[in-house]
Structure formats: C-alpha cells, structure tokens
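Participant: The structure that follows is given in the form of structure tokens.
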Amino acid sequence: MKSKISTEEFSSGRREFLRKSGLAAAAMAFPFSALPESLKGMPMGVVVHSYGIRYGSKVESTKYPGFQDALDFMRHCHSIGAGGIQTTVGGWAEDFARKVRDERENLGMYLEGSIGLPKSAADISRFEKEVLSAKEAGVSILRTVCLSGRRYENFKSKQEWNEFKINSTKALQLAEPIVRKHQVKLAVENHKDWTAAELAQLIQSFGSEWVGVTLDFGNNVSLLEEPMQVIRTLAPFTFSTHVKDMGVKAYSDGFLLSEVPLGTGIVDLKEAVTLCQKYNPAVTFSLEMITRDPLQIPCLEESYWTTFENSSAQDLAKILRLVRDEPYPGALPEVKNLNAEEKLAFEEENVVKCLAFSKSELL
C-alpha cells in the first residue's frame with residue numbers, strides 16, 4: 001500500500017530538502033545534547049483540537065467555561081503550564097492579531113497557526129490575508145491539511161483519490177508563492193490521508209524551503225503504518241508536530257484507534273522527540289490529545305482498500321499483530337455516555353495528564 005519511491009530517490013530528495021530549509025545545518029550545529037539555550041526546557045504546547053469540546057462551547061459551566069477565541073485558549077493553556085499553542089487563524093481582524101501578539105509576548109509562549117489551503121485562484125486573496133494576519137500575531141509556521149476527513153471514508157474509488165491528489169497539489173502550488181513571499185513556513189499534516197511515503201514524495205516534489213510537514217505521531221496507524229515508521233520517514237521534513245499517543249483494540253471489521261494519555265499507548269514518544277530534534281532543533285512539540293469515542297478502522301472490509309495501490313498483506317499483518325500483542329490496557333476512552341459537564345472535565349483531565357507526562361518524561 002506504500003507509494004513507490006526508491007531509497008536512493010528518497011535520500012536524495014531528503015538531502016535537498018534539508019539543504020534548502022536549513023535544517024541540515026541546524027542539526028549539525030545543534031545536536032540533541034546541545035540545543036540552543038532559548039529552546040532548552042520549552043514546555044509542550046497545545047493544539048486547539050485538544051479542546052474540541054470546550055472551544056466555542058455554549059455549555060453553561062463555571063469550572064470549564066467555553067473558549068471564545070484564541071486569547072481565551074492561550075491564557076488557559078498558559079495557566080496549566082503549556083509552552084505555546086497552535087490555533088486556527090481564519091477570520092482574525094487586524095486589531096485582534098495585534099492583541100494575540102501582545103498577549104503571546106506577555107506570556108512568553110510560542111504561537112503557531114492553522115490555515116486552510118486556497119481552493120482556487122479566487123481564494124488566494126483570503127489565504128494571503130490570513131497569512132499576513134498570522135504573521136502580525138507572531139506566527140512563523142502555519143499548519144495545514146489537504147483532507148479534512150479520512151481517506152478510507154471519503155473516497156469510494158481510485159478516481160476520486162486521484163482527483164484529490166491533483167487538487168491537493170494545485171492547492172499547494174497556489175499557496176507556496178504566498179508563504180515564500182511572506183517568509184512563513186507551511187506545514188502539511190499527515191491527516192489520515194497520505195501515507196508517510198506519499199507525503200514525503202509530495203513535499204519533495206515542491207523543492208521549497210517554505211513547504212514541509214506537521215508530523216502527527218499517531219494518525220497513520222489508521223493507514224496501517226507503524227508510528228515509528230512514519231516518524232522516521234517524515235521527521236526530516238518536519239516544521240511542527242502533533243504529539244499524541246495511541247491505543248488500539250480489536251473489533252470485528254479491523255481495530256479501534258484512540259488518542260490516549262501520553263505514555264499509555266503504542267508510540268515510542270522519547271524516540272520520536274529525539275528524531276524530530278535531530279533534524280530540526282528548533283521544532284516545537286504541540287499536544288493533540290483529542291477526547292472522543294474510538295475510531296473504527298475497518299481494514300478487514302474490502303471497501304477500506306479502494307484507494308491504496310500496491311497494498312501489502314505484510315502491512316496488514318504487522319498492524320493486526322500490534323493490535324493483538326499491545327492492546328490498550330482497559331477500555332479505550334469514550335465520551336458517548338458522559339453529560340456535557342463530564343465531557344469537559346474528561347477533556348481537561350486528559351490534557352493536564354499529558355502535559356504532566358511531557359514535563360516529567362519528554363521535554
């Protein structure tokens with residue numbers, strides 16, 4: 001199921017990307033044991049999707065009031081010890097961007113943005129406006145995605161998948177001159193769409209120092225890729241991260257997949273952090289602990305395989321063996337039976353647990 005790319009082609013493309021982006025020089029200048037003083041001890045940040053229940057919540061809660069904007073989100077994350085945030089930047093007015101910048105500077109936090117790619121030439125002006133607004137707030141890295149859904153659910157034929165690949169490339173071709181012009185890095189997430197090899201090949205095809213990866217530590221388990229395989233492939237192209245741990249359990253059509261508190265799942269977090277810092281000593285680590293019901297990965301259903309070329313029985317066997325040998329101890333997290341206040345409380349507990357683990361074990 002992996003995209004065909006030779007070892008020689010991959011290594012050559014990776015070296016060129018590192019050269020252009022400056023990551024190779026940085027990795028040589030600042031080995032993992034000798035990070036710049038300004039980066040040592042930077043606490044883990046929080047991705048806005050870690051608060052998918054609370055952000056914009058209309059629930060009347062004294063203990064967990066809804067976050068209405070990036071300022072609410074930033075202040076709360078600072079209060080629980082986070083080092084920064086990654087948040088959406090769409091719809092920001094110029095004066096709001098300045099308020100975010102001032103608050104970020106006052107709190108001493110890092111700030112990364114999340115932005116939608118331009119859908120057409122007519123959408124470039126919207127995209128550029130959001131880039132400028134984010135830059136005004138102090139953002140130098142913008143995370144983006146090519147697909148908002150999941151590959152095995154969104155596409156029912158290879159033709160649909162091929163159209164997605166063409167449209168994604170066109171969207172990035174529209175975006176690249178804008179981020180290059182304004183010197184802001186655009187980081188494409190592996191978002192249950194691209195396999196690691198496919199995304200690496202896509203990034204290499206641009207040959208741009210301004211287009212790289214937001215490396216999600218766990219998403220590609222849903223595409224039957226082991227976490228460290230993904231991290232080793234994409235770390236050389238990484239501008240930003242979504243740190244998460246994953247729990248798995250068998251079910252009739254494949255396996256269940258959940259974000260779980262850091263240190264309790266199948267991701268080798270210490271090795272992942274070390275690899276990312278090896279290639280990019282300035283990389284930030286942002287928690288994406290999504291509190292929700294387990295996702296069903298129906299890899300034993302024929303429809304799951306529709307978009308994958310050169311599908312491998314070996315890949316399937318590896319993941320099913322992992323599910324068999326390393327099932328999550330106890331029940332995977334669920335919210336379906338919780339009331340609104342309980343969901344908010346569970347979400348907060350998960351984020352705080354993860355930040356505590358990061359502080360004691362990772363960063």
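The values are calculated or read from the model by the stated rules, or taken from the named source; none is laboratory data. Please read these numbers as outputs of a predicted model, since none were measured by experiment. No Cβ is skipped: glycine too gets one built from the backbone with ideal geometry, and neighbour counts run over all protein chains shown. Surface accessibility is based on the protein's heavy atoms, side chains included, excluding ligands, DNA and RNA. Shrake-Rupley method; radii C 1.70, N 1.55, O 1.52, S 1.80 Å.
Participant: If we scan the stretch 337-346, do we find a residue that is surrounded by fewer than 16 Cβ atoms within 10 Å (Cβ to Cβ), polar (S, T, N, Q) and either on the phi > 0 side of the Ramachandran plot or not in a helix (DSSP H, G or I) (or both)?
Facilitator: Yes, the stretch 337-346 has at least one match.
Participant: Still on this model: Output the number of residues of the stretch 232-244 satisfying the condition of being in contact (Cβ under 8 Å) with a residue 60 or more places away in the chain and assigned to a strand (DSSP E or B).
Facilitator: So the count comes out to 4.
Participant: What's the number of the condition P43 fails, among (1) assigned to a helix (DSSP H, G or I); (2) open to solvent by less than 60 Å² (accessible area, probe 1.4 Å)?
Facilitator: (1)
Participant: From the set of residues in the stretch 49-72 that are among the acidic types (D, E) and in a loop (DSSP other than H, G, I, E, B), which is nearest to the chain's Cα centre (by Cα)? Don't jump to the end; show me each part of the working.
Facilitator: Quick first cut of the stretch 49-72, residues among the acidic types (D, E) only: 60, 69, 72.
With in a loop (DSSP other than H, G, I, E, B) added as a condition, the list becomes 60, 69.
Working: E60: 30, D69: 20 Å.
Once the filter is applied, the top-ranked residue is D69.
Participant: Still on this structure: Of everything in the stretch 229-242, what is in contact with a helix residue (DSSP H, G or I) (Cβ under 7 Å, 6 or more places away or on another chain) and either at positive phi or open to solvent by less than 10 Å² (accessible area, probe 1.4 Å) (or both)? Give them in sequence order.
Facilitator: V230, I231, L234, A235, P236, F237, T238, T241, listed by residue number.
Participant: A further question follows. I need a count of the residues in the stretch 316-333 that are more than 15 Å from L257 (Cβ to Cβ) and either assigned to a loop (DSSP other than H, G, I, E, B) or open to solvent by less than 60 Å² (accessible area, probe 1.4 Å) (or both).
Facilitator: Residues meeting the conditions: 3.
Participant: Check G212, G247, G207 and return the single one that is closer than 22 Å to L111 by Cα, small (G, A, S) and touching a residue at least 60 places away in the same chain (Cβ under 8 Å).
Facilitator: Going through G212, G247, G207 in turn, the sole match is G212.
Participant: Within the stretch 46-79, can you find the residues that are surrounded by fewer than 16 Cβ atoms within 10 Å (Cβ to Cβ), out of contact with any helix residue (DSSP H, G or I) (no Cβ under 8 Å at 6 or more places or on another chain) and β-branched (V, I, T)?
Facilitator: T62
Participant: While we're looking at this one, here's another question. Search the stretch 245-262 for residues being in contact with a Leu (Cβ under 7 Å, 6 or more places away or on another chain) and assigned to a loop (DSSP other than H, G, I, E, B), and hand back the single one that is least open to solvent (accessible area, probe 1.4 Å).
Facilitator: The selected residue is L262.
Participant: While we're on this one: Return the residues of the stretch 83-113 that are closer than 25 Å to C354 by Cβ and either in contact with a Leu (Cβ under 7 Å, 6 or more places away or on another chain) or among the charged types (D, E, K, R) (or both); say none if nothing qualifies.
Facilitator: Scanning the stretch 83-113 gives G84, I85, V100, E103, R104, E112, G113.
Participant: Return yes or no: is E94 open to solvent by 50 Å² or more (accessible area, probe 1.4 Å), at pLDDT below 95 and farther than 20 Å from A175 by Cβ?
Facilitator: On the way: open to solvent by 50 Å² or more (accessible area, probe 1.4 Å): yes; at pLDDT below 95: yes; farther than 20 Å from A175 by Cβ: yes.
Answer is yes for this residue.
Participant: Considering only residues that are part of a helix (DSSP H, G or I) and β-branched (V, I, T), look in the stretch 157-194 and name the one that is least open to solvent (accessible area, probe 1.4 Å).
Facilitator: Per the criteria, the residue is V179.
Participant: What is the one condition in (1) modelled with pLDDT of 95 or more; (2) open to solvent by 70 Å² or more (accessible area, probe 1.4 Å); (3) outside any helix (DSSP H, G or I) that K359 does not satisfy?
Facilitator: Condition (3) is where K359 drops out.
Participant: Among the residues of the stretch 73-110, what is the count of those that are outside any helix (DSSP H, G or I) and not aromatic (F, W, Y)? Full working, then the answer.
Facilitator: Keep residues of the stretch 73-110 that are outside any helix (DSSP H, G or I), which gives 80-93, 108-110.
Add one more test, that the residue is not aromatic (F, W, Y), and what stays is 80-91, 93, 108-109.
The number of residues fulfilling the criteria is 15.
Participant: Of everything in the stretch 195-228, what is under 27 Å from L320 (Cβ atoms), open to solvent by 10 Å² or more (accessible area, probe 1.4 Å) and not in a helix (DSSP H, G or I)? Give them in sequence order.
Facilitator: Within the stretch 195-228, E226 is the sole residue that qualifies.
Participant: Let me ask something additional. Go over the candidates V273, V283, V267 one by one and state the one that is surrounded by 21 or more Cβ atoms within 10 Å (Cβ to Cβ) and in contact with a Gly (Cβ under 9 Å, 6 or more places away or on another chain).
Facilitator: Checking each option against the conditions leaves just V267.
Participant: Of the residues V139, V145, V131, V184, only one is more than 30 Å from L257 (Cβ to Cβ), at pLDDT 95 or above and in contact with an Asp or Glu (Cβ under 7 Å, 6 or more places away or on another chain); which?
Facilitator: Result of the check over V139, V145, V131, V184: V139.
Per-residue answers, yes or no, for (1) open to solvent by less than 30 Å² (accessible area, probe 1.4 Å); (2) within 20 Å of L186 (Cβ to Cβ); (3) in contact (Cβ under 8 Å) with a residue 60 or more places away in the chain:
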| residue | (1), (2), (3) |
| --- | --- |
| E103 | no, no, no |
| N106 | no, no, no |
| A122 | no, yes, no |
| V139 | yes, yes, no |
| L147 | yes, yes, no |
| F155 | yes, no, yes |
